[in-house]
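Below you'll find the structure, written out as structure tokens, and then a few comments.
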Amino acid sequence: MIPSNPALCAIAQNCSALVHTVRDETEAHFLRAGAALVSVCDRFETVEQPIGALSDLATGGEVQGLVGHIRHFENMLQGLLYSVREARIPLGQTLEKARSMHGVVAQLSRTIRTMNIVTLNARVAVAPMVDAKSSMSVFTRDAAELVQHAFRKLAEIEHALSDLDAQVEVSRVQSTELGRMLDERAAAALGEIVAGLTRLEDHIGTLTMRGGKLSRAALTIRDAVAKSVLALQAGDAMRQRLEHVEYILAAVCDAAPGRGMQAALLSLSQRQMFDAAERHSPSVSMLERQLRLAAGQTTTFLVDVEEVFRPGQSGISDLLTAFSNIERVLADAAGLQLSLGNNARKLTEAVDRVQSHVKEIGALEARMNLIGINAVIACSSLGQDGLPLKVIAHQLRDLVEESSGCVVQMQGDLGGMRSTAQEVAELLELQAQETQSIREGLETQVTPGLTNLRSALQAVRTAVSANQSHLSGGLQDGLNAMEAHRTGIEAMVQRVGVTISSQPRMRQFTLTASEAALVTAIRSILSIEAERTVHDAWLSSIGVDASGLEVSLPQAVGSDIVLF
């Protein structure tokens, strides 16, 4: 047996130090890649959860129900606008009737003034009539009193009619203001609602269509990450084999009894290292491919998410702003509607006051008509002396009939105005109910639904923003670790291989008992089947039967001859 060679021991120690360094780096690289992948998985779950929730929201009935509510309230607003416009028509008609009544009142005033002249003429005519003076004086006195009473009622009618004019004008102005406000402000907000709703429906359609794509992309990425995690198991096997290579190299100095066994063990360590690197390389390459695939798909996924969930394209903010504007408009409208309702009641009361005065005028006319009839009868009994008074009595009756026509016309107009005022009051009540219904619906259905949807969208954006750099960076960090690992393995194989291959090899030889024990001990620590296969092939190369550790060729006769 050729004595041990210190130079070969130094080579083994140097190679062992390099292998040990690479083994430690392998553990560090795989731990780094594993930590990155675990972080990516966790962060993907953080991103996927709000996306999945929003996708469920988009494909479920809640969003469609929200859109239906918005459409419903849009129609209600349109109906309210139409109702307010329609309410202006009867108010305008009421104003016109009130104005036309002034003409009737003027005509009635002229008639009553004429009646006053007629009663004065009657008193003049009665003065020389001694026989009939007593009864005729009563006639002229009563007629004069009724005319004066009519004058006072006429003044009250004119005053009440002025109040009615004022009430109608106030109602008309407020109705116009309400209509203008709704026409301008509500119509503008309705335009915003229509535009925002269109964008929301388009965005929900996009979410429904692309949400599935994002989910599939996320599954693909998670699958790639899962495969990468499985590939990390190759690191354990590589570290174990490098540890065994270190054991063999340590045996070169600590256990090999001679130079031949030292050289043989160096050859064995080289073979094991080459085999380990060759078997490990596909796993590393696959892991790198999976990481690159996951990184590329993650980049695409994040770009798609950014595009789908870009702020401002859902229309929700515009809708919330529009409905906030509508709420302010409706609050102002409710105030005007309340004031209009009060004015409508005052308008009805004003009409009732005018009607009351007109009825009293009618009652006075009825009494004057009765006085005229009695005067005509009384004048008939006077013969020729009563003719002048009879003519006056007929004139008074004609004037009473004329004033009665004015009263009838006024009563008809007032009846129409009262009906119109009642119609306006009912319209205003309905409008107030519609306004309140819209406000309650906005508060309980539309605004919370939009807020929930906006929160869901914001949750996605927040999750993506918080995890975007970590997702891309985590995969890249894992990829960098694997690239560094591959480079380290390749450098180790090259350096160790060159160092060992530069040494002369020994011829086949017969193992001593101690050498056989060493070979057996080395084989016993090799727990991986591929290691044992390499070990047995190495034994065959030095002429040893692996099954019985028996020498199969003659003892070597020389040294420093490269045979293997």
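The values are calculated or read from the model by the stated rules, or taken from the named source; none is laboratory data. The shown structure was predicted, so the numbers you read here are calculated from the model rather than taken from an experiment. Ideal geometry is used to build each Cβ from the backbone, glycine not excepted, and the neighbour counts take in all protein chains shown. With ligands, DNA and RNA removed, areas are computed over all heavy atoms of the protein, side chains included. Shrake-Rupley method; radii C 1.70, N 1.55, O 1.52, S 1.80 Å.
Quick rundown of the values:
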| quantity | calculated |
| --- | --- |
| Residue in the stretch 450-457 that is within 55 Å of the chain's Cα centre (by Cα), closer than 30 Å to Val40 by Cβ, open to solvent by less than 70 Å² (accessible area, probe 1.4 Å) and free of Cβ contacts under 8 Å to residues at least 60 places away in the same chain present | yes |
| Number of the exception - Val358 against (1) of a type in the set (Val, Ile, Thr); (2) open to solvent by less than 40 Å² (accessible area, probe 1.4 Å); (3) more than 30 Å from Met115 (Cβ to Cβ) | (3) |
| Qualifying residue in the stretch 208-221 (condition: part of a helix (DSSP H, G or I), surrounded by 22 or more Cβ atoms within 10 Å (Cβ to Cβ) and out of contact with any Ser or Thr (no Cβ under 8 Å at 6 or more places or on another chain)) | no |
| Residue list for the stretch 77-128, filter: of a type outside the set (A, V, I, L, M) and free of Cβ contacts under 8 Å to residues at least 40 places away in the same chain | Tyr82, Glu96, Gly103, Arg110, Arg113, Asn116, Arg123, Pro128 |
| Within the stretch 265-284, tally of residues that are among the hydroxyl-bearing types (Ser, Thr, Tyr), in contact (Cβ under 8 Å) with a residue 60 or more places away in the chain and open to solvent by 10 Å² or more (accessible area, probe 1.4 Å) | 1 |
| When residues of the stretch 218-242 are limited to those that are within 33 Å of the chain's Cα centre (by Cα) and free of Cβ contacts under 8 Å to residues at least 40 places away in the same chain, the one nearest to His29 (Cα to Cα) | Asp223 |
| Residue match in the stretch 78-89 (condition: modelled with pLDDT of 75 or more, hydrophobic (A, V, I, L, M, F, W, C), open to solvent by 60 Å² or more (accessible area, probe 1.4 Å) and part of a helix (DSSP H, G or I)) | yes |
| For Leu399: the one exception among (1) within 24 Å of Lys153 (Cβ to Cβ); (2) surrounded by fewer than 16 Cβ atoms within 10 Å (Cβ to Cβ) | (2) |
| Residue satisfying condition, being over 30 Å from Ala187 (Cβ atoms), assigned to a helix (DSSP H, G or I) and open to solvent by 70 Å² or more (accessible area, probe 1.4 Å), within set Asn121, Asn116 | Asn121 |
| Gly65 being loosely packed, with under 14 Cβ neighbours inside 10 Å, small (Gly, Ala, Ser) and either modelled with pLDDT under 80 or not assigned by the TED database to the domain that holds Gly196 (or both) | yes |
| Set Val147, Val194, Val168, Val126: member being buried (at least 18 other Cβ atoms within 10 Å of the Cβ), farther than 30 Å from Asn343 by Cβ, at pLDDT 75 or above and not small (Gly, Ala, Ser) | Val147 |
| Candidate set: the stretch 227-238, residues that are of a type outside the set (Asp, Glu) and open to solvent by 50 Å² or more (accessible area, probe 1.4 Å); chosen: the one modelled with the highest pLDDT | Gln233 |
| Only one of Arg345, Arg328, Arg292, Arg353 that is open to solvent by 40 Å² or more (accessible area, probe 1.4 Å), closer than 26 Å to Glu192 by Cβ, out of contact with any Phe, Trp or Tyr (no Cβ under 6 Å at 6 or more places or on another chain) and basic (Lys, Arg) | Arg328 |
| Conditions (1) open to solvent by 40 Å² or more (accessible area, probe 1.4 Å); (2) hydrophobic (A, V, I, L, M, F, W, C); (3) in contact with a helix residue (DSSP H, G or I) (Cβ under 6 Å, 6 or more places away or on another chain): number failed by Leu389 | (1) |
| Number of the exception - Gln476 against (1) more than 60 Å from the chain's Cα centre (by Cα); (2) modelled with pLDDT of 75 or more | (1) |
| Complete set of residues in the stretch 480-505 that are within 19 Å of Leu287 (Cβ to Cβ), in contact with a helix residue (DSSP H, G or I) (Cβ under 8 Å, 6 or more places away or on another chain) and of a type in the set (Ser, Thr, Tyr) | none |
| Output for the stretch 295-325, where each listed residue is assigned to a loop (DSSP other than H, G, I, E, B) and either among the basic types (Lys, Arg) or surrounded by fewer than 22 Cβ atoms within 10 Å (Cβ to Cβ) (or both) | Arg310, Pro311, Gly312, Gln313 |
| The lone exception for Ser527 - which of (1) surrounded by fewer than 16 Cβ atoms within 10 Å (Cβ to Cβ); (2) over 19 Å from Glu27 (Cβ atoms); (3) in contact (Cβ under 8 Å) with a residue 12 or more places away in the chain it fails | (2) |
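To keep it simple, each residue is scored yes or no on (1) in the same structural domain as Ile70 (by the TED database); (2) under 28 Å from Gln422 (Cα atoms); (3) not small (Gly, Ala, Ser).
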| site | (1), (2), (3) |
| --- | --- |
| Thr299 | yes, no, yes |
| Glu306 | yes, no, yes |
| Ala322 | yes, no, no |
| Gly341 | yes, yes, no |
| Val354 | yes, yes, yes |
| Val358 | yes, yes, yes |
| Ile373 | yes, no, yes |
| Ile377 | yes, no, yes |
